[in-house]
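Everything below concerns the one structure shown next.
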Amino acid sequence: MFGAMASKPRTLYEKIWDQHVVERFDDGTCLIYIDRHLVHEVTSPQAFDALRLAGRTVRRPDLTLAVPDHNLPTTARLAPDGSRVPIADPQSAAQLAALERNAPAFGIDYIDAIAPEQGIVHVVGPEQGFSLPGATIVCGDSHTAAHGGIGALAFGIGTSEVEHVLATQTLQLRQSKTMEVRAEGELGPGVTPKDLILHIIGVIGTAGGTGHVIEYRGHVFEEMSVEGRLTVCNMSIEGGARAGLIAPDDKVFAYLAGRPYAPAGDDWDRAMEWWRSLSTDAGASFDRSVVIDAADVEPTVSWGTSPEDVVAVSGAVPSPDSFADPSKQDAARKSLDYMDLAPGTPIEDIAVENVFIGSCTNSRIEDLRAAAEILKGRKKAPNVRWAIAVPGSGLVKRQAEAEGLDRIFTEAGFEWREPGCSACLAMNPDKVPPGERCASTSNRNFVGRQGPGARTHLVSPAMAAAAAVTGRLADVRKFAPCQEVGG
Amino acid sequence: MKAVSTIRGRAIPLGLKNVDTDVIIPAHWLKTISREGLGKGAFETIRATPGNPFDVEDFAGAPILIAGDNFGCGSSREHAAWAMLDMGLTAVIAPSFSDIFAGNAFKNGILAVELPQEQVDRLLEVAKDEQIAVDLENQVVTTPFQDRFEFQIDPFRKRCLLEGLDEIGLTLGSESEITRHEQVREGAMPWLDKPSRRDAA
Ligand code: SF4
């Protein structure tokens with residue numbers, strides 16, 4: 001091991017931070033080494049161009065992995081004759097072509113649009129074993145926090161920082177404050193990691209974690225599957241925290257073993273030694289601590305245009321007057337206006353015309369299984385005009401197909417798509433039309449996020465499936481015999 | 001990066017809380033491979049609403065924006081900063097900023113000034129009719145009415161902004177430290193290097 005071995009008890013975040021300090025400057029800024037850099041087509045072209053202009057190279061192409069996801073249409077990518085289907089939108093095509101050119105030109109591994117491993121960058125990283133515990137991971141995308149689910153310090157960066165990492169493999173950063181979100185007890189039947197993180201954001205608010213790195217701790221997270229942890233950490237940014245992480249354990253090690261980029265042989269054994277030391281020391285203190293009783297969490301739905309606007313599915317649309325803060329009242333009025341909802345409307349009365357199951361928050365195999373569980377033998381309601389299931393990667397898609405999940409989706413009236421960001425953000429052809437509502441497993445319900453004028457309700461995969469079947473936001477607990485939902 | 005010192009002029013009194021990056025620049029504008037021309041898409045949904053402050057003639061070309069809490073929350077898109085710069089904004093004043101936006105603003109020479117809500121409220125009032133000034137050297141926002149609101153800024157960021165320093169150039173000055181770190185890292189954690197895919201090897 002190297003790095004400062006402080007005697008003072010440290011949090012997990014502090015251990016990873018200390019390990020990566022290259023240089024400390026007098027003003028408190030640190031130069032931090034970056035172990036893994038994921039690159040996609042939207043936030044990288046300007047960075048590569050700037051490198052070229054300055055005559056700079058990529059310092060560590062071997063620590064960098066590129067994959068297209070945001071812009072890529074999720075319809076078939078190969079024509080029946082085996083040729084590539086051209087991208088209709090010229091701007092998207094130019095952006096994708098730029099990545100396809102830049103990656104090999106700078107010596108970076110590139111997973112192309114038709115490779116079986118292609119997928120959403122935050123699904124691909126852990127799945128390929130490229131993301132590892134204790135590593136610093138960055139990507140020009142704010143949901144990079146997801147990789148904290150395997151115990152990495154992972155955070156989103158802007159394009160200038162992408163350029164900085166490409167050129168130097170470091171970032172100039174100041175250490176964040178630490179925040180503990182502890183969840184004890186057991187999640188009830190039908191309550192998933194997505195519901196838990198929506199509930200947490202409702203408690204702390206969208207600025208609650210600003211300036212902090214969150215460590216999720218306690219029984220609920222220990223019991224949670226690796227995929228569930230990725231979902232929780234993914235949405236840390238919606239609570240204002242640039243990163244969220246969970247101490248890696250045997251589940252994480254089992255998840256990573258044998259993945260293509262993961263260490264093997266002696267390297268694996270040495271890595272395990274360091275990984276096993278990655279937990280917060282007894283006696284370490286956090287700058288802020290929030291405790292959640294898992295028994296309080298119900299299947300949770302967003303009603304407004306901020307991820308903190310959440311309510312239990314058994315509840316109703318709140319009245320703006322119910323908020324103490326006048327600016328929040330004002331924001332709630334605007335939200336309700338945009339969402340076309342009246343205060344007091346029971347959540348289960350809200351009809352949806354669209355259902356989206358996908359995004360880096362909820363597109364892994366467990367998510368698809370949870371949705372299929374509800375959809376099996378059922379059909380989408382007639383008022384649901386558009387329902388799509390978009391696996392997070394080609395490997396997830398194949399696995400789902402091997403399990404027959406694709407047929408469950410299509411028989412229920414869903415379209416079964418190719419991997420990508422899809423309707424999570426309105427950058428590719430998958431959009432929710434103006435004025436229509438969507439039950440979505442993605443992470444942001446911002447104004448216009450799923451398309452101009454689109455109205456988003458954030459939900460878990462099982463809840464999205466239930467909404468498809470009833471044509472309204474629905475309580476998944478009223479469906480089917482509820483499974484043990486541990487993760 | 002251009003050096004920044006004092007920014008003086010009209011300030012757009014937006015005042016909204018939680019202005020997210022999708023509001024600053026909607027996703028359909030991100031399909032560009034350059035940094036220019038994004039001003040047209042800046043605050044598109046707000047500008048589409050009648051009576052919005054961006055439409056007020058006095059504020060055309062204003063260099064300062066005044067907003068509410070948690071400005072720039074949401075995505076990491078630097079396009080938000082580029083779009084603001086492209087419409088002529090070089091300073092934003094708000095009670096708080098999202099971490100990623102604050103970083104992106106700084107890297108593009110936009111001054112993100114945090115002031116307490118009461119002072120922001122006062123500036124929102126003044127900005128309706130008068131100019132305001134943001135003085136980086138002295139870390140103070142002033143109005144023609146003798147208001148003087150001091151603000152904090154990271155000393156490193158202040159220096160970079162005042163001198164227009166290129167951060168990558170600065171970091172490359174630490175080349176020997178980076179190389180040393182890489183050598184130690186390679187010895188202690190060899191598995192972190194060259195993680196080439198085993199099936200491809
Ligand atoms: S799925 Fe959505 S949140 Fe995730 S990387 Fe893609 S656009 Fe970003």
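Here are the numbers for this structure:
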| quantity | calculated |
| --- | --- |
| Subset of the range A:134-152 (residues that are farther than 15 Å from residue A:65 by Cα and of a type in the set (S, T, N, Q)) | A:142 |
| Counted residues, the range B:158-183 - those being open to solvent by 20 Å² or more (accessible area, probe 1.4 Å), facing chain A (nearest Cβ under 9 Å) and either polar (S, T, N, Q) or assigned to a helix (DSSP H, G or I) (or both) | 9 |
| Flag if residue A:203 is away from every other protein chain (no Cβ under 14 Å), more than 17 Å from the chain's Cα centre (by Cα) and in a loop (DSSP other than H, G, I, E, B) | no |
| Verdict on residue A:211 being within 12 Å of chain B (Cβ to nearest Cβ), away from the ligand (no atom under 16 Å from the Cβ) and free of Cβ contacts under 8 Å to residues at least 40 places away in the same chain | yes |
| In the range A:352-398, residue farthest from the ligand (Cβ to nearest atom) [restricted to those that are more than 14 Å from chain B (Cβ to nearest Cβ) and in contact with a Cys (Cβ under 6 Å, 6 or more places away or on another chain)] | A:354 |
| Filter result (in contact with a strand residue (DSSP E or B) (Cβ under 6 Å, 6 or more places away or on another chain) and either away from the ligand (no atom under 11 Å from the Cβ) or open to solvent by 10 Å² or more (accessible area, probe 1.4 Å) (or both)) within the range A:417-426 | A:417 |
| Subset of the range A:169-178 that is outside any strand (DSSP E or B) and open to solvent by 20 Å² or more (accessible area, probe 1.4 Å) - its residue that is farthest from the other protein chains (Cβ to nearest Cβ) | A:175 |
| Residue match in the range A:385-403 (condition: open to solvent by 10 Å² or more (accessible area, probe 1.4 Å), in a loop (DSSP other than H, G, I, E, B) and outside the structural domain of residue A:231 (by TED's automatic domain parsing)) | yes |
| Flag if residue A:380 is open to solvent by 10 Å² or more (accessible area, probe 1.4 Å) and closer than 29 Å to residue A:340 by Cβ | yes |
| Qualifying residue in the range A:321-328 (condition: open to solvent by less than 50 Å² (accessible area, probe 1.4 Å), within 28 Å of residue B:75 (Cβ to Cβ) and basic (Lys, Arg)) | yes |
| Cross-chain or 6+ apart pairs with Cβ under 6 Å, the range A:379-398 first and hydroxyl-bearing (Ser, Thr, Tyr), then part of a strand (DSSP E or B) | A:393/A:119 |
| Elements of type helices (runs of 4 or more DSSP H) in the range A:59-168, at least 3 residues being away from chain B (no Cβ under 13 Å) and more than 23 Å from residue A:389 (Cβ to Cβ) | A:90-105 |
| In the range A:221-248, residue nearest to the ligand (Cβ to nearest atom) [restricted to those that are of a type in the set (Gly, Ala, Ser) and surrounded by fewer than 24 Cβ atoms within 10 Å (Cβ to Cβ)] | A:225 |
| The range A:322-339 residues that are without any contact (Cβ under 8 Å) to a residue 24 or more places away in the chain and in the same structural domain as residue A:436 (by TED's automatic domain parsing), paired with ones that are open to solvent by 50 Å² or more (accessible area, probe 1.4 Å) and among the charged types (D, E, K, R) (beta carbon under 6 Å, 6 or more apart) | A:327/B:17 |
| Residue list for the range A:360-373, filter: over 23 Å from residue A:112 (Cβ atoms) and open to solvent by 10 Å² or more (accessible area, probe 1.4 Å) | A:366, A:367, A:369, A:370, A:373 |
| Residue under evaluation residue A:463, criteria (1) open to solvent by less than 10 Å² (accessible area, probe 1.4 Å); (2) at pLDDT below 95, criterion not met | (2) |
| Hey, residue A:295 of a type in the set (A, V, I, L, M), loosely packed, with under 14 Cβ neighbours inside 10 Å and touching a residue at least 40 places away in the same chain (Cβ under 8 Å) or not | yes |
| Failed item in (1) farther than 28 Å from residue A:307 by Cβ; (2) within 14 Å of chain A (Cβ to nearest Cβ), with residue B:48 passing the rest | (1) |
| Residue check, residue A:164 without any contact (Cβ under 8 Å) to a residue 12 or more places away in the chain, in contact with a strand residue (DSSP E or B) (Cβ under 9 Å, 6 or more places away or on another chain) and not charged (D, E, K, R) | yes |
| Every residue from the range A:117-163 that is modelled with pLDDT under 95 and within 11 Å of the ligand (Cβ to nearest atom) | A:141, A:142 |
| Selection count where residues are part of a strand (DSSP E or B), more than 14 Å from chain A (Cβ to nearest Cβ) and touching a helix residue (DSSP H, G or I) at 6+ places or on another chain (Cβ under 9 Å), scope the range B:102-154 | 4 |
| Residues that are among the acidic types (Asp, Glu) and within 16 Å of the ligand (Cβ to nearest atom), drawn from the range A:45-71 | A:69 |
| Selection from the range B:1-60 of residues that are over 15 Å from the mean Cα position of the chain (by Cα), of a type in the set (Gly, Ala, Ser) and part of a helix (DSSP H, G or I) | B:27, B:41 |
| Residue list for the range A:290-323, restricted to those being more than 14 Å from chain B (Cβ to nearest Cβ) and more than 27 Å from residue A:220 (Cβ to Cβ) | A:317, A:319, A:321, A:322 |
| Residue list for the range A:427-460, filter: more than 11 Å from chain B (Cβ to nearest Cβ), of a type in the set (D, E, K, R) and within 14 Å of the ligand (Cβ to nearest atom) | A:430 |
| Selection within the range A:39-56 - over 15 Å from residue A:109 (Cα atoms), without any contact (Cβ under 8 Å) to a residue 60 or more places away in the chain and either under 18 Å from the mean Cα position of the chain (by Cα) or part of a loop (DSSP other than H, G, I, E, B) (or both) | A:55 |
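Results for (1) modelled with pLDDT of 95 or more; (2) in contact with a Phe, Trp or Tyr (Cβ under 9 Å, 6 or more places away or on another chain); (3) surrounded by fewer than 20 Cβ atoms within 10 Å (Cβ to Cβ), shown as yes or no for each residue.
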residue	(1), (2), (3)
B:3	no, no, yes
B:13	yes, yes, no
B:22	no, yes, no
B:43	yes, yes, no
B:66	yes, no, no
B:89	yes, no, no
B:100	no, yes, no
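The values are calculated or read from the model by the stated rules, or taken from the named source; none is laboratory data. Only a predicted model underlies this, so the values are computations on that prediction, with no experimental measurement involved. Neighbour counts run over all protein chains shown; Cβ positions are idealised from the backbone, glycine included. Protein only, heavy atoms only, side chains kept; ligands, DNA and RNA dropped before computing areas. Shrake-Rupley method; radii C 1.70, N 1.55, O 1.52, S 1.80 Å.
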